[in-house]
Ligand SMILES: Nc1ncnc2c1ncn2[C@@H]1O[C@H](COP(=O)(O)OP(=O)(O)O)[C@@H](O)[C@H]1O
Ligand SMILES: [Mg+2]
């Protein structure tokens, strides 16, 4: 895209993107670190996740201020407008994801004495969700529609695995009452992971809107892919 | 596009030359009835030229030649038997600089209907003048001074007076060439609001160099560049997700 005639606006747009990516980086790290604290039963890591959430919240406020003033002062249109609208939504999804990672860390602190007993499914779930977050952020960074679609597609697997994990977990708890505390911890972690995945999907959908101007929310993945390849019109 | 929308003006393959210079390169465009359509584009791209083709205002320019079709509800406005004066009552024009006649406010409105023999002087004419001034949202401001000269009004009032004058002959289409460029923001807002009301009865086409005005006031937007129509669509689509990169560059200010 050619340079904006208003250099200052161009700089603002660039810095807005950078801020989102910085925030996304912090969120991704928080999710990874919260899972390390779970698996390694490491309360200092959990505490770090909680402490670092402040930086995520601060970025949210800063980005909101930027988008507000850009809307008021620059009257953005077309691609610029879509970037700003996408940013406004993405920032909320990132902030929530940060909170969910913090929730995982808090659960670790509260159940220090009763760590997880079965970790393999939750580990797989965490890997999938972290990849979703990464794909969503890559999609935003490079306006990469393939990455966005991958993130959205992966959600099916995540949901399936999450349900399986909760069922599995319930059996453990019913079989052995001593597993209940660990089971409840696993349930919280699983739920938070699954929600982080949902936020990643929201981000991916906003990236598609940002790049293509199509709203692919509330359509299934196949339809979304068809819309993007131009086979289908969304209305 | 919904089927209940009908074309007021249908333009096909419209080319225009000023002498050897081809200013329009074959424009196809449907202007929908009861909508406000905005023409945008960098200056010199042919917006005014194209607008003037829609009521044959270019006819009088020496060396100017037009090719292609302009149909008003299916009827060719360039057909040899068309009476241009009559045509301009159907398709009126409001200019950039307000240009009231050097006559009273009342006469500014009554003049053309009288000449066209639409209404006799007297109560009928009084009613016509009031109706036109009301439709142009200026009645309350001038009702007590109808005999004062139109030129004594403020710029914004003069422009609404000119709109009232256009309305007085009951046109189908009102063409406006940068009607607000000489007005302050409040007078501009009044004209924009007026356009929104007038489109209930008239089809409006406006040339504007102000993109925010096109965004605010129009239903459809056409982007012109160097004598070509680059993109035409619903204003909300053009300003959120234009399909042409050149349109995108222009409306996001990445032009030139
Ligand atoms: N009367 C004229 N004689 C010769 N060239 C003209 C005349 N009017 C306009 N042009 C040329 O035609 C092109 C389009 O002009 P115009 O329609 O006024 O553009 P816009 O309204 O988009 O600024 C320009 O290159 C302009 O110089
Ligand atoms: Mg012009």
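The values are calculated or read from the model by the stated rules, or taken from the named source; none is laboratory data. Predicted model only: the values in this text are computed from it and were never measured. Positions of Cβ are backbone-derived with ideal geometry, glycine not excepted, and every protein chain shown enters the neighbour counts.
Could you run through region B:193-206 and say how many residues are surrounded by 16 or more Cβ atoms within 10 Å (Cβ to Cβ) and touching a strand residue (DSSP E or B) at 6+ places or on another chain (Cβ under 9 Å)?
Step one: list which residues in region B:193-206 are surrounded by 16 or more Cβ atoms within 10 Å (Cβ to Cβ), which gives B:194-195, B:198-199, B:202-206.
From what's left, touching a strand residue (DSSP E or B) at 6+ places or on another chain (Cβ under 9 Å): B:195, B:198-199, B:202-206.
The total comes to 8.
Considering only region B:233-256, state which residues are surrounded by fewer than 20 Cβ atoms within 10 Å (Cβ to Cβ) and within 16 Å of ligand 1 (Cβ to nearest atom).
Of everything in region B:233-256, those that are surrounded by fewer than 20 Cβ atoms within 10 Å (Cβ to Cβ) and within 16 Å of ligand 1 (Cβ to nearest atom) turn out to be B:246, B:255, B:256.
Might you let me know whether region A:71-90 holds any residue that is loosely packed, with under 14 Cβ neighbours inside 10 Å, out of contact with any helix residue (DSSP H, G or I) (no Cβ under 6 Å at 6 or more places or on another chain) and either in a helix (DSSP H, G or I) or more than 14 Å from every other protein chain (Cβ to nearest Cβ) (or both)? Break it down into steps so the answer makes sense when it comes.
Here is the first cut: in region A:71-90, the residues loosely packed, with under 14 Cβ neighbours inside 10 Å are A:72-73.
This time we only want the ones that are out of contact with any helix residue (DSSP H, G or I) (no Cβ under 6 Å at 6 or more places or on another chain), so: A:72-73.
Of the ones still in play, those that are also either in a helix (DSSP H, G or I) or more than 14 Å from every other protein chain (Cβ to nearest Cβ) (or both) are A:72-73.
Checked region A:71-90: at least one residue is loosely packed, with under 14 Cβ neighbours inside 10 Å, out of contact with any helix residue (DSSP H, G or I) (no Cβ under 6 Å at 6 or more places or on another chain) and either in a helix (DSSP H, G or I) or more than 14 Å from every other protein chain (Cβ to nearest Cβ) (or both).
Any chance you could count how many residues in region B:165-183 are closer than 14 Å to residue B:93 by Cβ and either within 16 Å of ligand 1 (Cβ to nearest atom) or not in a loop (DSSP other than H, G, I, E, B) (or both)?
Residues meeting the conditions: 10.
Could you check, for region B:95-102, whether at least one of its residues is under 30 Å from residue B:120 (Cβ atoms), within 16 Å of ligand 1 (Cβ to nearest atom) and at pLDDT below 95?
Checked region B:95-102: at least one residue is under 30 Å from residue B:120 (Cβ atoms), within 16 Å of ligand 1 (Cβ to nearest atom) and at pLDDT below 95.
Pick out the one residue from A:169, A:159 that is surrounded by 18 or more Cβ atoms within 10 Å (Cβ to Cβ) and either touching a helix residue (DSSP H, G or I) at 6+ places or on another chain (Cβ under 7 Å) or within 26 Å of residue A:29 (Cβ to Cβ) (or both).
Exactly one residue qualifies, and that residue is A:169.
Give me the pairs: first residue in region B:57-72 and free of Cβ contacts under 8 Å to residues at least 60 places away in the same chain and under 25 Å from residue B:202 (Cα atoms), second residue within 12 Å of ligand 1 (Cβ to nearest atom) and part of a strand (DSSP E or B), beta-carbon distance under 7 Å, and six or more apart or on different chains, which are they?
If the second residue must be within 12 Å of ligand 1 (Cβ to nearest atom) and part of a strand (DSSP E or B), the pairs left are B:58/B:16; B:58/B:64.
Is it the case that residue B:38 is under 23 Å from residue B:167 (Cα atoms), more than 12 Å from ligand 1 (Cβ to nearest atom), within 14 Å of chain A (Cβ to nearest Cβ) and surrounded by 15 or more Cβ atoms within 10 Å (Cβ to Cβ)? Steps first, answer last, please.
Numbers: under 23 Å from residue B:167 (Cα atoms): yes; more than 12 Å from ligand 1 (Cβ to nearest atom): yes; within 14 Å of chain A (Cβ to nearest Cβ): yes; surrounded by 15 or more Cβ atoms within 10 Å (Cβ to Cβ): yes.
Against the criterion (under 23 Å from residue B:167 (Cα atoms), more than 12 Å from ligand 1 (Cβ to nearest atom), within 14 Å of chain A (Cβ to nearest Cβ) and surrounded by 15 or more Cβ atoms within 10 Å (Cβ to Cβ)), residue B:38 qualifies.
Could you please let me know if residue B:114 is surrounded by fewer than 17 Cβ atoms within 10 Å (Cβ to Cβ) and outside any helix (DSSP H, G or I)?
Values: surrounded by fewer than 17 Cβ atoms within 10 Å (Cβ to Cβ): yes; outside any helix (DSSP H, G or I): no.
Against the criterion (surrounded by fewer than 17 Cβ atoms within 10 Å (Cβ to Cβ) and outside any helix (DSSP H, G or I)), residue B:114 does not qualify.
Residue by residue, here is whether (1) at pLDDT 95 or above; (2) within 14 Å of chain B (Cβ to nearest Cβ) holds:
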position	(1), (2)
A:7	no, yes
A:11	no, yes
A:18	yes, no
A:21	yes, no
A:24	yes, no
A:27	yes, no
A:36	yes, no
A:39	no, no
A:51	yes, no
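Does any residue of region B:148-163 turn out to be within 16 Å of ligand 1 (Cβ to nearest atom), more than 14 Å from chain A (Cβ to nearest Cβ) and closer than 24 Å to residue B:101 by Cβ?
no
Does region B:42-65 contain any residue that is more than 15 Å from ligand 1 (Cβ to nearest atom), away from chain A (no Cβ under 14 Å) and out of contact with any helix residue (DSSP H, G or I) (no Cβ under 6 Å at 6 or more places or on another chain)?
Of all residues in region B:42-65, those more than 15 Å from ligand 1 (Cβ to nearest atom) come to none.
No, there is no match, as no residue in region B:42-65 is more than 15 Å from ligand 1 (Cβ to nearest atom), away from chain A (no Cβ under 14 Å) and out of contact with any helix residue (DSSP H, G or I) (no Cβ under 6 Å at 6 or more places or on another chain).
Among (1) within 14 Å of chain B (Cβ to nearest Cβ); (2) modelled with pLDDT of 80 or more; (3) on the phi < 0 side of the Ramachandran plot, which single condition is residue A:233 missing?
(2)
Within region B:1-93, which strands (runs of 3 or more DSSP E) (wholly inside it) include 1 or more residues that are within 16 Å of ligand 2 (Cβ to nearest atom) and closer than 14 Å to residue B:227 by Cα?
B:7-18, B:21-32, B:36-40
Where in region B:184-256 are there strands (runs of 3 or more DSSP E), lying fully within it, with 2 or more residues that are more than 10 Å from chain A (Cβ to nearest Cβ) and modelled with pLDDT under 95?
Because the criterion is at least 2 residues that are more than 10 Å from chain A (Cβ to nearest Cβ) and modelled with pLDDT under 95, no strands (runs of 3 or more DSSP E) in region B:184-256 meet it.
Could you check, for region B:207-217, whether at least one of its residues is more than 16 Å from ligand 2 (Cβ to nearest atom) and within 25 Å of residue B:72 (Cα to Cα)? Write out each step before concluding.
Let us first name the residues in region B:207-217 that are more than 16 Å from ligand 2 (Cβ to nearest atom), namely B:212, B:215-217.
After this cut, where a residue has to be within 25 Å of residue B:72 (Cα to Cα) as well, the list is B:217.
Yes, the conditions are met somewhere in region B:207-217.
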